[in-house]
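Take a look at the structure below.
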Amino acid sequence: MTRTMRILALGVVFAGALLVLPQISIAAGQQQDTAGALRAKLGKTQFKNLQTSVDEKGIATLSGTVSLYEYKADAEKAAHKVKGVTAVRNQIEVEGPNINDSQLQNKIQEKLAYDRVGYGNEFDAIGVKVQNGVVTMAGHAHDYPSRDSALALVATMPGVKDLVDEVEVDPVSQMDWGIRVAVARAIYGYSSLNKYAIDPAKPIRISVQNGNVALYGEVDSLSDKEVAYLRANGVPGVFSVKNYLQVAGQSGEKTR
């Protein structure tokens, strides 16, 4: 390569470097703008102990502490709405009181029992498990408002460190809705079982998916459990019935 050619090659490289510099500057400016917008978005009092950062790929990292799990979830939702944020790493820790797992589980179950009374809560079967403050919710909700209400209720409870949502929402079906109502009438309309309709927090819960019925809750006797199964199984259009009812004072009851 001649001296002239080497000079030309160096000139091309230098010119290319000059073109890249403005691009780097623009990217850095956008990163700073996104970081500033994120800080502004999380400027509320409940987020005062949070730290935020945004990398060159637009990934936001949230860290620090909040007093309720609800605030941890809210911070992540808010971060996703910031222009320029492509993903969120939620490393926020929930402080608040440390409550015994069994005690916290009992409190949650009691709250859920009365959630959305009068809005078909007898058709929801949502279970709760707590381990080291992490709440796992599973089972079935008959519609999205019921699921969302249950999740929101748990998210605002002191002592909840994290929340795992495994609740399934039943498919919208006129046939299933008709079966739910018919099974409820068959069970609660029977003389020995109508007592379970008195306390709205302790109904026999009726879950239906595509004509398949599952019964949940607690009853006073094995006889009540068997009768509930027979009544549900006799409803026209029901394909199958699973009987998960528990008899008070007993465990490990056989399921049909």
Checked against the positive end of the charge dipole of the chain (+1 on Cβ of Lys and Arg, -1 on Cβ of Asp and Glu, about the Cα centre), the farthest of Pro236, Ile204, Asn98 is Asn98
Candidates for semi-axes √(5λ) of the Cα gyration tensor in Å are (i) 30, 19, 17; (ii) 57, 22, 14; (iii) 24, 23, 21, and the calculated one carries label (ii)
Once the dipole of the chain is set up from charges on Cβ (+1 Lys and Arg, -1 Asp and Glu), the residue from the list Tyr216, Tyr114, Val82 lying farthest towards its positive end is Val82
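For the range 64-149, which GluC sites (Glu not before Pro) pass both filters: DSSP loop (anything but H, G, I, E, B) and at most 14 other C-beta atoms within 10 Å? Kindly include the intermediate steps, with their values, before the conclusion.
Values: sites: Glu70, Glu76, Glu93, Glu95, Glu110, Glu122; in loops: Glu95.
Passing both the DSSP loop test and the Cβ count: Glu95.
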Largest fluctuation, Ala150, Ala113, Ala87 only, Gaussian network model of the chain with Cα springs under 10 angstrom, belongs to Ala87
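Which of Met175, Met137 comes first, and how do the rest follow, when ranked by fewest Cβ neighbours within 10 Å? Don't skip to the answer; put the middle values down first.
Working: Met175 11, Met137 20.
The fewest-first ordering by Cβ neighbours comes to Met175, Met137.
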Treating only Lys and Arg (+1) and Asp and Glu (-1) as charged, each at its beta carbon, one finds that the range 110-170 has a dipole about its Cα centre, in Debye to the nearest 20, of 280
In vacuo Debye sum over C-alpha of the range 174-247, base-10 log of normalised intensity I(q)/I(0) at q = 0.12, 0.23, 0.25 Å⁻¹, listed in q order, is -0.26, -0.99, -1.16
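Taking the beta-carbon count within 10 Å as an exposure proxy, list Phe123, Phe239 from fewest neighbours to most. Each step should come with its number before you reach the end.
Details: Phe123 23, Phe239 11.
Arranged by neighbour count, lowest to highest, Phe123, Phe239 become Phe239, Phe123.
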Helix 144-155 sits off the longest principal axis of the Cα atoms of the chain, rounded to the nearest 10 on a 0 to 90 degree scale, by 70
For the chain, averaging the sequence separation of alpha carbon pairs under 8 Å that lie six or more residues apart and dividing by its residue count, the contact order in percent is 12
When Lys161, Lys111 are arranged by how many other beta-carbons sit within 10 Å of their Cβ, fewest first, they go Lys111, Lys161
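Can you tell me the dipole magnitude for the chain around its Cα centre, using point charges on the Cβ only (Lys, Arg +1; Asp, Glu -1), in Debye to the nearest 20? Working shown, then result.
On the way: 28 positive and 27 negative charges, 161 e Å.
Computed about the Cα centre, the dipole is about 780 debye.
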For the chain, the longest principal axis of the Cα atoms and the Cα long axis of helix 3-41 enclose an angle in degrees, to the nearest 10, of 40
With Cα springs under 10 Å, the Gaussian network model of the chain assigns the largest mean-square fluctuation among Ser191, Ser173, Ser146 to Ser191
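Per DSSP H run of at least 4 residues, take -39500 (n - 2.57); add these up for the chain, divide by its residues and hand me the 222 nm value, nearest 500 deg cm²/dmol.
Values: 6 runs with 103 residues, N = 256.
Counting only the DSSP helices, I get -13500 deg cm²/dmol.
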Given unit charges at Cβ for Lys, Arg (+) and Asp, Glu (-), the dipole magnitude of the range 123-256 about its Cα centre in debye, nearest 20, is 360
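Coordinate-derived values only; no laboratory data. Since the structure is predicted, the reported quantities are computational estimates derived from the model, not experimental observations. Note that we place each Cβ from the backbone using ideal geometry, even for glycine, and neighbour counts take in every protein chain shown.
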